[in-house]
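Since the structure comes first, as structure tokens, the remarks are kept for the end.
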Amino acid sequence: MTHPTVSHIRIDQDRLWSSLQDLGELGAYDDGETGLRGVRRLALTDEDIQGRQLVLGWMENAGLTIRIDQMGNIYARRAGGSDSLPPVMMGSHIDSVGTAGKFDGCLGVLGGLEVIRTLNENDVVTLRPLELAIFTEEEGVRFGTDMLGSAVAAGRLLLEQALEIQDRDGTSVRTELERHGLIGDVQVPITPPYAYLECHIEQGPILAAATRQIGVVQGIQAITWKELHITGRAAHAGATPQTLRRNAGLAAAMITVQLNEMVESGRYGQMLATVGRHDSYPNLINIVPAKVLMTVDMRNPDGDSMRLMESHLDRYLAEVERATGVSIASRTTAKTPPVAFPIRMRELVAKTATNLGFSYMEITSGAGHDAGEIASISPAGMVFIPGLYDGISHNPREYSTPEACADGINVLLQAVVELANHPAVSLEAHTSGSALVL
Ligand code: HGY
Ligand code: MN
Ligand code: MN
């Protein structure tokens, strides 16, 4: 049966939930800070590969054909009635930060799988093929730049440069992809899909506070990551007068306080800044710190304000060098502009949520996502669901209910099938009303 309406079809909430729990066991650890089972499945580690193998098995059981690109990104394909048409793609990531929960990224991948399993059970064949993607190193916490796999797939980052990036131990992306046999034959940049839709937890408090079931994501804020290598001079904490000190720890503290003042000043709009990593050397009580490696994560929904923030920080680093006598080497390790998803994708998500009887609101994503990369080559959109506990994420307390997960994936199913039944005209032509509307 091809292109029937599927408005009566719903996903299997329990099957989705148990797949999230099963995947969450791979890389699971006992988290001392929360007393909970967390997930540590950094990109291209053995735990990540175990997760990929579990999901690949499920994909094959669902009758999907698997392709892998030169960055280890996985594309699992479900044939369409007109299989030569560009596919509608769903996807996300299953690599995690070091202290993760079970939902970040996994909901988008396992939710896409649940959509496919549900269509299989209902003998629905869409006009266009469907593809379910798993992107490599979305989190950026191992190799230092986020959305690495999808940025190469979309052509923003060059493959050769990406393959040479090393983790903290000096192991390169290339070495790890080769070790796991993940350098596939699909060329990057990939052929753009017809459209891309990703379901993701919000990772913040907004939807829950507004008691909305679905977030229609307008776009993603700009992200800049910097690594600051501060070099001072070790010295005895008791015998070295203030005037002789080159205190790398003091420099790091001044920078951290200045970033907070930049945020609090409001001069840069809705700026956010985070010093997430702070490695001090020699890190001993009676020695003036000789070196500090610190990271700066800056976010801003406005690209111009981000540029002003960055030049303010650069000027301030020079001031800190003069004031403390340290030297600071600053390296930008990630930099993505703000992303606006096309109105027609946002309208589709909003209409679908309404048809399903869900409350929704428009929201800008605080977090970066693979959808932000694919948006540069295809019409892309995102479906958010709320989380509990102020939507905490990147922490084992991350939690969304089985019902909320199912709501998001039911929206994904209906919206993806509608897109996949668009006839062979451009999405623009179709939604502008100038083409046949099924
Ligand atoms: O950092 C981010 O926003 C995403 O979780 N990689
Ligand atoms: Mn994510
Ligand atoms: Mn994340």
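The values are calculated or read from the model by the stated rules, or taken from the named source; none is laboratory data. None of the values given here were measured: they were computed from a predicted structure. Cβ atoms come from the backbone with ideal geometry, glycine included; neighbour counts cover every protein chain shown.
Can we say Thr34 is part of a loop (DSSP other than H, G, I, E, B), more than 23 Å from Gly149 (Cα to Cα), not assigned by TED's automatic domain parsing to the domain that holds Asp370 and not aliphatic (A, V, I, L, M)? When the stated conditions are applied, Thr34 does not pass them. Applying the criterion of at least 2 residues that are in the same structural domain as Gly80 (by TED's automatic domain parsing) and in contact with a Pro (Cβ under 7 Å, 6 or more places away or on another chain) to the helices (runs of 4 or more DSSP H) found wholly in region 154-210 leaves 206-209.
So for region 381-401 (the condition being within 14 Å of Gly219 (Cα to Cα), more than 15 Å from ligand 2 (Cβ to nearest atom) and out of contact with any strand residue (DSSP E or B) (no Cβ under 7 Å at 6 or more places or on another chain)), does at least one residue qualify? Write out each step before concluding.
So in region 381-401, the residues within 14 Å of Gly219 (Cα to Cα) come out as 381-384.
Going one step further and asking which of them are more than 15 Å from ligand 2 (Cβ to nearest atom), we end up with 381.
If we keep only those that are out of contact with any strand residue (DSSP E or B) (no Cβ under 7 Å at 6 or more places or on another chain) too, we end up with none.
The answer is no; no qualifying residue exists.
Applying the condition of being within 16 Å of ligand 1 (Cβ to nearest atom) and among the acidic types (Asp, Glu) to region 357-388 and asking which residue is surrounded by the fewest Cβ atoms within 10 Å (Cβ to Cβ) yields Glu373.
Could you count how many residues in region 81-99 are within 12 Å of ligand 3 (Cβ to nearest atom) and touching a Pro at 6+ places or on another chain (Cβ under 7 Å)? The number of residues fulfilling the criteria is 1. Based on what the data block shows, is Arg245 touching a residue at least 12 places away in the same chain (Cβ under 8 Å) and either under 19 Å from Pro337 (Cα atoms) or surrounded by 13 or more Cβ atoms within 10 Å (Cβ to Cβ) (or both)? In short, yes.
Filtering region 292-325 to residues that are surrounded by 14 or more Cβ atoms within 10 Å (Cβ to Cβ), more than 15 Å from Val257 (Cα to Cα) and of a type outside the set (Ser, Thr, Tyr) leaves Val292, Leu293, Arg299, Asn300, Pro301, Asp302, Met306, Arg307, Leu308, Glu310, Glu321, Gly325. Is there a residue in region 106-128 that is within 15 Å of the chain's Cα centre (by Cα) and more than 16 Å from ligand 3 (Cβ to nearest atom)? The answer is no; no qualifying residue exists.
Is it the case that Ile183 is within 16 Å of ligand 2 (Cβ to nearest atom) and over 30 Å from Val326 (Cα atoms)? I'd like the intermediate steps shown before the answer.
Details: within 16 Å of ligand 2 (Cβ to nearest atom): no; over 30 Å from Val326 (Cα atoms): yes.
Answer is no for this residue.
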